[in-house]
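To keep things clear, I will list the structure first and then write my remarks on it.
Only the coordinates and a few stated rules stand behind these numbers; no lab work does. Just so we're clear, the structure is a prediction, and the values are computed from it rather than from any experiment. Backbone-built Cβ (ideal geometry, glycine too); neighbour counts: all protein chains shown.
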Amino acid sequence: MHERASRPAEPSFVELFTPKLVTVLREGYGLEQLRRDALSGLTVAVVALPLSLAIAIASGLAPAQGLYAAIVGGLVVSALGGSRFQIGGPAGAFIVLVAAAVQRHGFDGMLLATLLAGIFLLALGLLRLGTYVKFIPYPVTVGFTSGIAVIIAASQVKELLGLTLAVPEPGPFLDKLPVLWAALPTTRPAAVAIALLTVAVVIGVQRWRPHWPSLLIGVAVASLLTAGLALDIETIGTRFGGIPSTLPVPALPAISLERIQAVLPDAIAFALLGAIESLLSAVVADGMTGRRHRSNCELVAQGLANIAGALFRAMPVTGTIARTATNVRSGAHGPMAGMFHAVFVLLFILVAAPLAAAIPLAALGGVLAVVAWTMAERHAFGTLLRASPGDAVVVLATFGLTVLRDLTEAIIVGFALGAVIFIHRMSQSTAVETHAGVLPPIADDRADSANDGRRPYTAEEATERDVVVYRITGAFFFGAASTVGAVLDRIEATLKALVIDMSAVPVLDSTAAVTIAGLARKARRQGVKLYISGASPEVRHELMLHGARPPLVNFKRSIGNALTAFRRRQAEKAV
C-alpha cells in the first residue's frame, strides 16, 4: 500500500508576521553588524536623495513629498517588514499613477488614495494573500515595467529640454506629445547641456567607479556648474522655493464618503502596484542573498508605511528594487540598514535642506532618464517577443495598455491573457491514451496481479477481449475537460468494461469530475462496467463528491487490479 506524503505544518500567525528585524536581533546583533548596517544605510541614502527628489517632482508634487516617503516609508518598511534587506521609499513606477491622481483629485486626494492603499495592503497581508502575487506572469511584469519606463522618459522631456509650455502638461501619453512638440521652439540649450552632462557623469561613474554614488555625483556636478556659471535654467529653488527643513506635523487628509468613492480606483491601483513592486524587490533580494522573505509580513509593513506616509504628507511608498540591490551589495546585515537610510535622509532635511534649492531640474530629469533606460528591460522584452506567440501577445498588450491607457487596466488585461494562454497550454498537455484489448489471459492470474496487468500479450489475446483502457496524463481540469470528455464519450455498445487510469493525473477539478460522472451514468445505461484506477485520495474525493461513486464507478489501485476484478466478475457470470 502506498503511503501518503505528509504535508509540512502550516506556519503559525506569529511565524508569518514576525518582522525580520526581530529575527535578526534574536540571532545576535553586535557592533560589527551595526557598523555594516550604518555604512550600507549611508550608501543607500546617498542614492535615495536625488531619486526621491526627482520622482516626487516628476509625479507633479513638491520635492519634499519624495523625501518624506523615503524617511517615513523607509523606517516603517525596514522596522516591520518581512525582508532583511528591503528599502522602502518612492518608486519610479508610481510616477504615472501619482501624477494622474494629483491631476484628477489634487494633492489631498492623492494623500487619501495613499491612505486607502495602505489599508488595502494591510488587509492583503493579514488575509495571507501575499503568496498569490507571485502568480503575476513574467510577461506582464516586463510589459508594464517597460511601459512605465517609456512614460517616465516622456514625462522628463520638458525638464531635459527646458521647455516652456503654453498649457499645463497633460498626463496621458498621447495628449502629451503634441503639447511637447508645440513647445520645442522654447528649448533652452543650457538645460539640454546640463541634462546631457548629468547623464554622461552618471553613466561614466557607473562604468568606471561602480561603487561610487553615481546619481548624487551627477546631480552635484550639474548643480555646481549651474550655480558657478549662473545658468538661466529652472532649479528646485526657483520652482518650489526649496524644501522644508523639518518633517510636517502628522494629520489625516480630508475624508468623506464622496471623496473615498472618487479616489477608490487610484487607491486600488496604488495598492496593486505597491504589492507587486515590493514583493518583486524582496524576491530580488532573496536571489542575491539566499534568504527568504515573509511575503504577508512584507505587505503588512507596506500597508502601515503608506498609512504613516499619508499622515506625514508623503507620496506612496513601496519596496524599491534598485535601492534594495544597492543595500545588499553594500554589505548590509539586516533591516537596521534600511532604518539608517531613513535616518540619514532625515538628517539631510534637518541640516542641508538649503543646498537642495540649487539643484537644476534638468539634472533631475537626466537622473530619471537613466532610471527609465535601466527600467526598460530591453533584453527581456526582446526575448519574450521571440519566445512564443502567446508571450509576445501578453507583453505587447500589457506594454501598449500601460503607455496608452492605464496601468491597472494593463495589469488586469495582461494577467487575464496570460491565464488564458496558460490554460490553453495546460489543456494541450493533457493527453488520453487508448489501449484496446489489454485484458490478460484468464490462465495467467498470478502474473496479472504481480506485474500490474502490463505484461506483453499477443495480438490474438488483445482482440478477443471487449475491454478498453484509457490512460489520462496531466492535469484534468476545465480547460481539458471537453477534449478528454469527447474521447471518453465514445463508448461502444459492444464493450463490456471500460478502465480509466488516473495514476498520472495530479489534479482534477469539478468540471472534470462532472465529466467523469456523466460518463459513468452513460456506461451504466449501456451495460458497460466502469473502473477508475490509480486515483489519488484527493482525485477520488473530488470524483465522489460530484457523483462518480460506487456503484456507478469501481475504484481500483491499478489497471491490473481493475482487469483482475473484471475477469473474476465475468467468470462468476459464466458459472
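Things worth noting here:
- Rounded if a/c under 1.5, otherwise prolate or oblate - the chain, Cα gyration tensor axes: prolate
- Global geometry of the range 102-154, whether rounded, prolate or oblate, following the gyration tensor of its Cα atoms and the 1.5 cut on a/c: oblate
- Going by neighbour counts of Cβ atoms within 10 Å, the residues K496, K20 line up, fewest first, as K496, K20.
- Shape class for the range 47-121: oblate, because the ratio a/c of the largest to smallest gyration tensor axis (alpha-carbon atoms, square roots of eigenvalues) is 1.5 or more and b/c is at least a/b.
- Spin-label model, R569/L174: points 7 Å from Cα along the beta carbon direction are separated by 6.4 nm.
- Only the Cβ atoms of Lys and Arg (+1) and of Asp and Glu (-1) were treated as charged; on that basis the dipole of the chain about its Cα centre amounts to roughly 1000 debye.
- Modelled spin-label separation between T164 and M288, with each label point placed 7 Å from Cα along the Cα-to-Cβ direction: 4.4 nm.
- Between S388 and R405, full extension at 0.36 nm per residue minus the direct alpha carbon distance yields a gain of 3.6 nm.
- Multiplying the residue separation of F422 and I255 by 0.36 nm and removing their Cα-Cα distance gives an extension gain of 55.9 nm.
- Cα-based equivalent ellipsoid, the range 508-567: semi-axes from gyration tensor eigenvalues, Å: 18, 15, 7
- Antiparallel DSSP beta bridges within the chain, percent to nearest 5: 40
- The simple Förster model, with R0 at 30 Å and r as the Cβ-Cβ distance, assigns S503 and V14 a FRET efficiency of 0.15.
- Ascending count of other beta-carbon atoms within 10 Å, so fewest first, for H546, H541: H541, H546
- Order of F415, F17, F340 under a 10 Å beta carbon neighbour criterion, fewest first: F415, F17, F340
- Assigned charges on the beta-carbon of Lys, Arg, Asp, Glu; the range 138-248 dipole about Cα centre (debye): 260
- Ranking P139, T43, A565 by how far each Cα lies toward the positive end of the dipole of the chain (charges on Cβ) leaves A565 at the top.
- Cα centroid separation - the range 213-278 against the range 354-370, whole Å: 12
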